[in-house]
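The values are calculated or read from the model by the stated rules, or taken from the named source; none is laboratory data. The structure displayed is predicted, hence computed values, not measured ones. Reconstructed Cβ throughout: ideal geometry from the backbone, glycine too, with neighbour counts over all protein chains shown.
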Amino acid sequence: MSKIKIALFIDTYYPMIDGVINVVDNYARLLNKKADVDVAVFCPIMDKNYKDNFEYKVVRCKSKKLFFLDYNLPTPNIDKKFKKAICDFNPDIVHIHSPFGVGKMALKYAKKHNKVAIATFHSQFKKDIYKVTKSKLITNIVLKKIMKTFNMADEGWAVNQEVEKLYRQYGFAGKSIVMNNGTNLVPIDDDCKELDQKYDIKKGEKVFLFLGRINLVKNLLFIVDALVQYNQLNPNFKMLFVGDGQDRSILEKYIEKSGIKDKIIMCGKVTDDYLKSQYYKRADLFLFPSLYDSSSIVQIEAASQRTPTLFIEGAVTAGTVTPEVNGFVADNDAKKYAQKMFDITSNDKRLLQVGQKAFEDLYVPWDKAVDKAYERYKSLLKTKNSL
């Protein structure tokens, strides 16, 4: 029996790191371990000095450096070698994770050669485009072009139900299903005393956590504002910001002026999975008031250690939780968010119950997530071949 050839297409890749790149890497890495699968990632050159060293096949296309952006613009249409590599690989499944140069070319290839074509919905493009252009007209024009590309796919995969609804609003007219992301973290049995010692966390102090990119789009200043309000309700706490990013200095200056800087700790970037798990395990509550994210792996990571997440009500990324059952939501108001933090952490029994449900309902190891995708690949391929 010949192998199923699966091609994953993305318009950015390592050495850049973000949530979508993490998803593609896990898909490729785990699919590559299956005996009947041949997988390849098709992406642009991001750094000429970067050398690929993956256990799966990676094919790069030419790109151009744009001085006003922090990433390269893929130019696959003028890269004959890249086009030939796709034809030589001859994929059965074409799966795009972005709708621009590489992704658009991939769907055109799939349509021309009658291949199964899948598009995963990751981002809130309308917000992203408006943030750059500050023009509703331009935003709508660009969004229309993006959805024209996505509508070339046989099926759309949304990372949660709210994202699926959002893309319907954007103009996706095809068939779509929810295909949740996963995490590499596993539950640990650890009292995390090392963290208590390192950060001088005293007995009885509530511990709040944010882990991720230090970027203001994550609503990090809102967290500080909420902590100032929480301090008036209960001054017995520590806040851990784990991560690094372009806005770290802005956040640090904001914390300096907050009046509670002694309770907030910038822990820096953590890449070790076990250490990440310790942070999640030690936290009483994971704070994620982002209105930018569509679905973040960090909330799944938190659930892996039975730590529930507090979102902003109506946020797309809160679409995976049932409030008061396996997670929490609060109004988009620092004072009300702080009150919710206080209410949650004042009831230890309830907090443990919701944390357990988060683990049961939301925790998905990457191998299970990819196994589900793999079965869907086979089903779509069988349907395509029977036509």
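Brief remarks follow.
- Close pairs from segment 156-169: first over 10 Å from His122 (Cα atoms), partner aliphatic (A, V, I, L, M) and in a helix (DSSP H, G or I), Cβ under 7 Å, at least 6 apart: Glu162/Val316; Leu166/Val316
- When segment 185-198 is filtered for residues that are crowded, with 16+ Cβ neighbours inside 10 Å and either over 20 Å from the mean Cα position of the chain (by Cα) or modelled with pLDDT under 95 (or both), the ones remaining, listed by number, are Cys192, Leu195, Asp196.
- Cross-chain or 6+ apart pairs with Cβ under 8 Å, segment 130-154 first and without any contact (Cβ under 8 Å) to a residue 60 or more places away in the chain and on the phi < 0 side of the Ramachandran plot, then basic (Lys, Arg) and assigned to a helix (DSSP H, G or I): Tyr130/Lys136; Thr139/Lys126; Leu143/Lys126; Thr149/Lys104; Met152/Lys108; Met152/Lys111
- Evaluation of Phe328 against the conditions (1) part of a helix (DSSP H, G or I); (2) under 21 Å from Leu227 (Cβ atoms) shows that the sole unmet condition is (1).
- Counting only helices (runs of 4 or more DSSP H) that fall entirely inside segment 202-283 and contain at least 1 residues that are β-branched (Val, Ile, Thr), the qualifying elements are 220-233, 248-256.
- Among (1) surrounded by fewer than 15 Cβ atoms within 10 Å (Cβ to Cβ); (2) among the β-branched types (Val, Ile, Thr); (3) touching a residue at least 12 places away in the same chain (Cβ under 8 Å); (4) farther than 22 Å from Val159 by Cβ - the single one Thr383 does not satisfy: (3)
- From Ser258, Ser290, residue being under 26 Å from His97 (Cβ atoms), in contact (Cβ under 8 Å) with a residue 12 or more places away in the chain and among the small types (Gly, Ala, Ser): Ser290
Every residue, every condition in (1) in contact with an Asp or Glu (Cβ under 9 Å, 6 or more places away or on another chain); (2) more than 30 Å from Leu240 (Cα to Cα), yes or no:
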{"site": "Cys87", "(1), (2)": "no, yes"}
{"site": "Lys112", "(1), (2)": "no, yes"}
{"site": "Phe121", "(1), (2)": "yes, yes"}
{"site": "Ile138", "(1), (2)": "no, yes"}
{"site": "Tyr170", "(1), (2)": "no, yes"}
{"site": "Ala173", "(1), (2)": "no, yes"}
{"site": "Tyr199", "(1), (2)": "no, no"}
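- Within segment 334-366, being out of contact with any helix residue (DSSP H, G or I) (no Cβ under 6 Å at 6 or more places or on another chain), part of a helix (DSSP H, G or I) and surrounded by fewer than 17 Cβ atoms within 10 Å (Cβ to Cβ) holds for Lys336, Asp343, Asp348, Lys349, Arg350, Leu352, Gln353, Gln356, Glu360, Asp361.
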